[in-house]
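The values are calculated or read from the model by the stated rules, or taken from the named source; none is laboratory data. No experiment lies behind these values; they were computed from the predicted model shown. FYI the Cβ positions are ideal-geometry reconstructions off the backbone, even for glycines, and counts take in every protein chain you see. Accessible surface is based on the protein model in full, side chains and every heavy atom, while ligands, DNA and RNA are left aside. Shrake-Rupley method; radii C 1.70, N 1.55, O 1.52, S 1.80 Å.
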Amino acid sequence: MLSSKPGPIGIFDSGYGGLTILHGIRQLLPEYDYLYLGDNARAPYGPRSFDVVYEFTRQAVVKLFEMGCHLVILGCNTASAKALRSIQQIDLPKIDPERRVLGVIRPTAEVIGSLTKTRHVGVLATEGTIKSESYNLEIRKLYPDIQVSGVACPFWVPLVEYNEADSPGADYFVKKRIDQIMRLDAEIDTLILGCTHYPLLMPKILKYLPAGVRVVPQGEYVAESLKAYLERHPQMEQRCARGGTVNYLTTENPEKFKEQAQIFLHEPVEVENISLG
């Protein structure tokens, strides 16, 4: 039986990148309680099939509901692309129609129309997100006149997680993908970082990006979207506990999570190990 008491806002990611989403949300909405769950033992999700990503994400969402969350944000582009719709349409009506799961792709797509002048947009993301074409579909639904080009960046996540984002070796991989997307469409004036790890490569990205191209990291836009969502849905807002606390869960080694979390948050964290499935 799921609790009806107010609970934390759940943030789920396959790994550590969702910590950039959590950081953005906490900057804007520090008063709420948050529960972060990283399925680090089974990351990365990017190369996995739709069915596997859906099943893993569903298990995580159920776990967060069991731990008191009424609202869960999939702070993971791959999970948002491959699992969100199925969970919303198939699982929520059975689990609890009053609970909600939101993703990170829609909020990013919504702001694009006001950011691009040329109406040519680029997306850099994992292989899974690019193959799903989720950004193309969401942006075209809202802004049919916008041309979207996407490129997968398979080495960018390991660069961040191995703390190599500032290394000279990162330059090669960052420059290669930026050159590739600008060759695809030289009129791109707005570039979406469609993976939550990528903001940590921002200095390198800005170094190789042509002048005048705007970069869109997701954290602040997801935070603004969540704030607006809670204002529009006061019943859900009342179910979100307000204590300003953050707790962290991982399916991997807690010590490893602590070490990696420092890269993303620049602050020490306490973390508990859990199992899913």
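General remarks:
- Of all the listed residues (Val123, Val111, Val72), the sole one being over 20 Å from Gly15 (Cα atoms), hydrophobic (A, V, I, L, M, F, W, C) and surrounded by 24 or more Cβ atoms within 10 Å (Cβ to Cβ) is Val123.
- Some residue of the stretch 117-138 being under 30 Å from Ser3 (Cα atoms) and among the polar types (S, T, N, Q): no
- Leu249 in contact with a Lys or Arg (Cβ under 9 Å, 6 or more places away or on another chain), crowded, with 20+ Cβ neighbours inside 10 Å and either within 21 Å of Ile112 (Cα to Cα) or among the aliphatic types (A, V, I, L, M) (or both): yes
- Test: residue in the stretch 24-33 that is surrounded by fewer than 24 Cβ atoms within 10 Å (Cβ to Cβ), among the hydrophobic types (A, V, I, L, M, F, W, C), under 30 Å from Val213 (Cβ atoms) and at pLDDT below 95: no
- Residue match in the stretch 125-138 (condition: farther than 22 Å from Phe50 by Cα and not basic (Lys, Arg)): no
- Residue identified as open to solvent by 60 Å² or more (accessible area, probe 1.4 Å) and touching a residue at least 12 places away in the same chain (Cβ under 8 Å) among Lys204, Lys258, Lys227: Lys227
- Exactly one residue out of Gln238, Gln218 is at pLDDT below 95 and either hydrophobic (A, V, I, L, M, F, W, C) or closer than 26 Å to Arg99 by Cβ (or both), and it is Gln218.
- Wholly enclosed strands (runs of 3 or more DSSP E) of the stretch 195-277 bearing at least 1 residues within 26 Å of Asp171 (Cα to Cα), in contact with a Phe, Trp or Tyr (Cβ under 6 Å, 6 or more places away or on another chain) and of a type outside the set (A, V, I, L, M): none
- For the stretch 195-235, residues that are within 19 Å of Glu110 (Cβ to Cβ) and hydrophobic (A, V, I, L, M, F, W, C) total 8.
- Single unsatisfied condition, Ile178 versus (1) under 22 Å from the mean Cα position of the chain (by Cα); (2) touching a residue at least 60 places away in the same chain (Cβ under 8 Å); (3) open to solvent by less than 20 Å² (accessible area, probe 1.4 Å): (2)
- Per-region count, the stretch 80-138, residues within 22 Å of Gln180 (Cα to Cα), basic (Lys, Arg) and in contact with an Asp or Glu (Cβ under 8 Å, 6 or more places away or on another chain): 2
- The residues in the stretch 126-145 that are aromatic (Phe, Trp, Tyr) and either closer than 20 Å to Cys195 by Cβ or open to solvent by 60 Å² or more (accessible area, probe 1.4 Å) (or both) can be counted, and the count is 1.
- A single member of Ile188, Ile192 is closer than 21 Å to Gly46 by Cα and surrounded by 13 or more Cβ atoms within 10 Å (Cβ to Cβ), and it is Ile192.
- Against the numbered list (1) open to solvent by 20 Å² or more (accessible area, probe 1.4 Å); (2) over 20 Å from Pro199 (Cβ atoms); (3) in contact (Cβ under 8 Å) with a residue 12 or more places away in the chain, Ile90 comes up short only at (3).
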